[in-house]
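Okay, so here's the structure we're looking at.
The values are calculated or read from the model by the stated rules, or taken from the named source; none is laboratory data. Computed from a predicted model, the values in this text were never measured in an experiment. Glycine gets a Cβ as well: all are built from the backbone with ideal geometry, and neighbour counts include every protein chain shown. Just so you know, the surface numbers come from the protein's heavy atoms only, side chains and all, with ligands and any DNA or RNA stripped out. Shrake-Rupley method; radii C 1.70, N 1.55, O 1.52, S 1.80 Å.
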Amino acid sequence: MITPVLFILFPLAVGVALMPLARKPKASVAIVCVASMLLAALALFMPDDLVIQFAGRRFVFSEMLSVLGRQLTVGPEDLTLVAWLFVLNTLWNLPSRSFKISMWFNALSLILTSLWIAVLAVEPFLYAALIIEIIALLSVPLLSPRGARAGPGLLRYLIFETLGMSMILLSGLMLSGIETAPSASPLILRASMLIVFGLAIAMAIFPLHMWIPMLGKESHPWVYTFLLGMSQTILVVFLLVFLDRYAWLRGLPGMFQSLSLTGVIMIAVGGVFAAFQKDLRRVFGYVFLAETGYAVLAVGLSQKGGLNDLALLMMPRALGYWLWGYALSNLQEKGQGNLVEWPALAGEYLRNPWISAALVFSLLSLSGTPLLASFPGKRLLWFLTPTQGLSLLVGFAMGVGGMVVFILRLIRVLIQVPDEETYADKGPESVGTHFLLIAMMALMALLGTFPFLVLPYFSQIFSQFTQLLPLP
């Protein structure tokens, strides 16, 4: 048996086979969730030697598959990330049919998950740019509501992804067969610029992020959080692959310092812009920008132990996105899209207390509030940053302060007494909604209290980047 067949081609085939079942949502959800959880369990518990003993038989897995002259490789070091991606797919699919989203969501989510795994598995890995472009195109039916014209946010998303991937492909042509070369070489410098700008565009690095809040206002929150959360996870790992593989890229003067500075700027911009928002759909775009900033900062501090902090943040970030997406999707559909802007939110806590609490809780966790899920990882990054320069702490203060301002504004509008003329009860929260929200908030509080329960698993994702780990 071959691991790329199991974790890439098999879910891809299942997703394609589910397309005719798009009008049978219960069957689609059940098949996608079962397939994803089985693949996640198999990836998580597979031995390092890729040999499984079962029912008296011995199953030996090969980690390499040749397709059209390219290699797909899923080795033992990749399996933790593979398992996590399938877990994320399950989390977003379980309650998906509670919302009015595209009927293709279940099938396409499994297809996109398999393609994201292929992004990290393909060799030469610069060809991953083509797969990322395919992912962007397949995301269009999910991001654009049926029967509606494509908005400017979606068009900018496609344009930026195409530009970024084109730059990465062009750099691959320039550097064919070259992995170690003098950093001062003109060819190396030009290729470095293409790679850096290509990744910056693909990851929506400031100031190339403006399409994110725009897309948030055009798309359903459940789809939006899923697609952006998945892409953020993989593109950060993609950045680490470049830095670990190419010595000339790591050797560029000030490379890691620039990454640290860029990360702090993104944190500051995300927090400051979020503080002035009055539309909850746009807020997630700035939260996403700040979270990308924390990831870039952790990469910049990788030689000081930043990858451990990045590992600590992976699960809290995804759970925060899930909780925000679930609460906002419920709120949006209860008000037919009218309960996500400031005037209509007045007194929403009186109508939907648990949904309102989940919105605040997710932001508190993502902003690094003590004893919540993101706090341990972000606290370590805050402590590491002064070694890079005290001026960076100003950026942290702006970013965290901006998020706190928005959270306080949100709490104020949620609990204020609404006018009787505008007050309208859209129906009570369901028991299932209560259960999911309470369970997720409890899990996030548990992660904040006992963060090292998950650290050994997520640290395995980054252990393969030996050139970026601190010197012993």
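Only one residue in Met214, Met210 is closer than 24 Å to Leu142 by Cβ, modelled with pLDDT of 80 or more and out of contact with any helix residue (DSSP H, G or I) (no Cβ under 6 Å at 6 or more places or on another chain). Which one?
On the way: Met214 fails: out of contact with any helix residue (DSSP H, G or I) (no Cβ under 6 Å at 6 or more places or on another chain).
Answer to the selection: Met210.
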- Qualifying residue in region 367-384 (condition: assigned to a helix (DSSP H, G or I), at pLDDT below 85 and surrounded by 16 or more Cβ atoms within 10 Å (Cβ to Cβ)): yes
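Identify, from the list Ala35, Ala128, the residue that is crowded, with 23+ Cβ neighbours inside 10 Å and within 22 Å of the chain's Cα centre (by Cα).
Details: Ala35 fails: crowded, with 23+ Cβ neighbours inside 10 Å.
Selected residue: Ala128, the only one of Ala35, Ala128 that is crowded, with 23+ Cβ neighbours inside 10 Å and within 22 Å of the chain's Cα centre (by Cα).
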- Could you list, in sequence order, the residues of region 6-24 that are open to solvent by less than 60 Å² (accessible area, probe 1.4 Å) and either closer than 15 Å to Ser62 by Cα or in contact with a strand residue (DSSP E or B) (Cβ under 8 Å, 6 or more places away or on another chain) (or both)? Leu6, Phe7, Ile8
- Report whether or not Leu310 is farther than 14 Å from Met444 by Cβ and either touching a residue at least 24 places away in the same chain (Cβ under 8 Å) or open to solvent by 10 Å² or more (accessible area, probe 1.4 Å) (or both). yes
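Can you give me the number of residues within region 61-86 that are of a type in the set (A, V, I, L, M) and buried (at least 19 other Cβ atoms within 10 Å of the Cβ)? Reasoning before the result, please.
Of region 61-86, the ones of a type in the set (A, V, I, L, M) are 64-65, 67-68, 72, 74, 79, 81-83, 85.
Checking which are buried (at least 19 other Cβ atoms within 10 Å of the Cβ) leaves us with 72, 74, 79, 81-83, 85.
The total comes to 7.
Of the residues Arg317, Arg245, which single one is charged (D, E, K, R), open to solvent by 10 Å² or more (accessible area, probe 1.4 Å) and under 16 Å from the mean Cα position of the chain (by Cα)?
Working: Arg245 fails: under 16 Å from the mean Cα position of the chain (by Cα).
None of the other options fit; the residue is Arg317.
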- Message: List pairs: first residue in region 233-256 and in a loop (DSSP other than H, G, I, E, B), second residue of a type in the set (S, T, N, Q) anywhere in the structure, Cβ distance under 9 angstrom, at least six positions apart or on different chains.
- Response: Tyr246/Thr180; Tyr246/Ser192; Gly251/Ser183; Leu252/Ser183; Leu252/Ser192; Leu252/Ser258; Pro253/Ser183
- Task: Please work out if Gly448 is open to solvent by less than 70 Å² (accessible area, probe 1.4 Å), at pLDDT below 85 and part of a helix (DSSP H, G or I).
- Result: no
- Only one of these conditions is not met by Met37: (1) assigned to a helix (DSSP H, G or I); (2) of a type in the set (A, V, I, L, M, F, W, C); (3) touching a Lys or Arg at 6+ places or on another chain (Cβ under 8 Å). Which number is it? (3)
